[in-house]
Amino acid sequence: MKTVNHWIGGKTVEGASGNYGPVTDPATGEVTTQVALASAAEVDAAVQVAKEAFLSWGQSSLAARTKVLFAYRALLDANRDAIAELITAEHGKVHSDALGEVARGLEIVELACGITTQLKGELSTSVSNRVDVAAIRQPLGVVAGITPFNFPAMVPMWMFPLAVACGNTFVLKPSEKDPSAANKLAELATEAGLPAGVLNVVHGDKVAVDALLSHPDVAAVSFVGSTPIARHIHTTASANGKRVQALGGAKNHMLVLPDADLDAAADAAVSAAYGSAGERCMAISAVVAVGAIGDVLVEKIRERAEKIKIGPGNDPASEMGPLITAAHRDKVASYVKGAADQGAEVVLDGTGYTVDGHENGHWIGLSLLDHVKTDSDAYRDEIFGPVLCVLRAETYEEGVALINASPFGNGTAIFTRDGGAARRFQLEIQAGMVGVNVPIPVPVGYHSFGGWKDSLFGDHHIYGNDGIHFYTRGKVVTTRWPDPSEDHSGVDLGFPRNH
């Protein structure tokens with residue numbers, strides 16, 4: 001059986017703890033790989049390697065760093081398909097989704113390639129008599145990233161390219177459910193010329209996570225995952241004196257006004273709710289239909305959802321793949337099975353779905369729940385699967401109040417033809433990312449990604465300017481030099497003397 005080991009100091013390092021976790025092909029249910037699970041001592045070894053590498057990398061020139069990053073970007077582009085195949089094999093998402101993930105990660109690598117302009121400081125001359133003040137930004141040291149299973153390539157690339165471009169060294173702890181993509185990213189970085197120890201990958205479970213959160217040589221921690229874990233990461237790492245950005249869960253709403261193009265809204269709802277099998281923090285999981293359009297909109301969503309082709313991710317005909325594990329599949333199914341008892345109308349029930357020839361895969365079909373109540377489990381919890389809830393509101397104000405009452409505030413969208421309504425919505429809604437006739441408003445790489453409320457713990461969003469500020473710290477230098485004409489040291493610099 002294939003074993004995924006750690007990547008430390010620019011090479012593969014076999015696991016020494018004796019503990020391994022299973023990696024499953026979600027389309028077949030078969031365990032295809034085992035992944036080494038690091039002990040605290042192994043995490044410490046990786047951090048020490050990164051600490052040693054920082055001594056030179058942190059002092060390296062911007063030209064040297066960007067030369068590596070440009071080469072890295074070219075290698076990632078050339079290996080798109082290979083990375084996507086690893087994602088599909090271990091996560092289950094269809095190949096086109098996996099390619100899209102790689103493309104969004106590449107955006108941040110491209111941002112990192114332009115780090116020379118992003119790290120420019122500020123200078124104020126002559127603030128007083130021959131006194132200048134400069135503001136500069138410097139790297140933190142060793143930083144860590146803890147990333148989720150749903151985007152095993154993209155989310156790590158949201159973190160380490162900017163971190164190393166800023167002069168830090170990085171220890172990545174990816175999800176143990178689909179670990180191979182992280183190793184491939186690190187191998188390509190080494191091939192691009194990244195010095196040994198600048199980027200390290202340590203696989204593991206809670207033992208490895210807790211070791212990073214408490215390690216005295218880790219200066220900052222980036223995390224993407226569920227809200228309960230994000231809160232734990234933020235509390236624990238902050239208590240250990242670390243800078244933290246911890247992105248949590250979501251319940252993203254799409255408000256559909258009566259004037260909206262309902263065909264466009266239904267198309268958007270289906271792609272945003274069921275794409276990547278709903279396993280993404282920016283999925284639309286709740287549609288709020290305003291006024292009398294609800295029945296028509298639900299029917300249009302149902303018609304489209306029933307046509308989605310579900311199958312193995314490596315089948316070009318598949319539009320949606322399986323869920324990551326059988327346990328997660330069963331948890332998602334439980335929300336659908338209990339929905340009717342909590343007042344919802346089950347328009348589509350995707351539980352019990354199987355694919356011929358792959359009966360042991362982690363399959364679930366698309367589910368659509370209408371007239372969902374705000375106190376039901378299907379609405380309150382982040383399901384993280386292909387389940388779309390539809391709620392009804394009589395007015396725009398009622399719909400906004402419903403959305404703002406949610407403890408989550410990651411992303412949201414409005415569908416309308418009215419510019420005034422859209423403007424009000426983007427100002428009144430309590431969420432970090434807003435789409436206007438755009439269902440999944442993930443910002444481009446040079447803007448930052450992050451939510452509000454229980455969707456983000458910490459002051460910094462991820463990537464963009466916030467990411468650069470997170471991975472650097474400011475320093476202000478105040479300088480005063482005497483005028484050369486006043487030099488009384490006896491050294492003649494050729495300046496006229498004043499007597």
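The values are calculated or read from the model by the stated rules, or taken from the named source; none is laboratory data. Computed from a predicted structure; not experimentally measured. Don't worry about glycine lacking a Cβ; one is built from the backbone with ideal geometry, like all the others, and counts go over all protein chains shown. Side chains are part of the model used for accessible areas, which takes the heavy atoms of the whole protein and leaves out ligands, DNA and RNA. Shrake-Rupley method; radii C 1.70, N 1.55, O 1.52, S 1.80 Å.
Listing for the model above:
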| item | result |
| --- | --- |
| 1.4 Å probe accessible area per residue over the chain, in Å² | 41 Å² |
| For the range 314-325, 3J(HN,Hα) per residue [Karplus equation, 6.51 cos²θ - 1.76 cosθ + 1.60, θ = phi - 60°, Hz, x = Gly/Pro] | 8, 8, x, 7, 6, 9, 8, x, x, 7, 5, 9 |
| Peptides 122-133, 190-201 ordered by average Cβ neighbours within 10 Å, highest first | 190-201, 122-133 |
| The chain, accessible surface, carbon-and-sulfur percent (1.4 angstrom probe) | 52 percent |
| Rounded to 5, the percent of DSSP beta bridges in the chain classed as antiparallel | 40 percent |
| Acute angle (nearest 10 degrees) that the helix 80-91 long axis makes with the longest principal axis of the chain, alpha-carbon atoms | 50 degrees |
| Chymotrypsin sites (Phe, Trp or Tyr not before Pro) restricted to DSSP loop in the range 381-485 with at most 16 other C-beta within 10 Å | 446 |
| Euclidean distance of C-alpha centroids, the range 315-377 and the range 115-157, integer Å | 44 Å |
| Sequence-distant residues sharing a close amide H with residue 192 (under 5 Å, placed H) | none |
| Kirkwood Rh and Cα Rg combined as Rg/Rh, the range 368-499 | 1.41 |
| Nonlocal amide H pairs with residue 20, under 5 Å, H built at 1.01 Å | 37 |
| When each of 307/453; 453/475; 2/93; 251/300; 309/337; 184/242 is checked by Cα-Cα distance, pairs over 26 Å | 307/453; 453/475; 184/242 |
| Per-residue HN-Hα couplings for the range 67-73 [Karplus 6.51, -1.76, 1.60; θ = phi - 60°; Hz; x = Gly/Pro] | 4, 5, 5, 5, 5, 5, 4 |
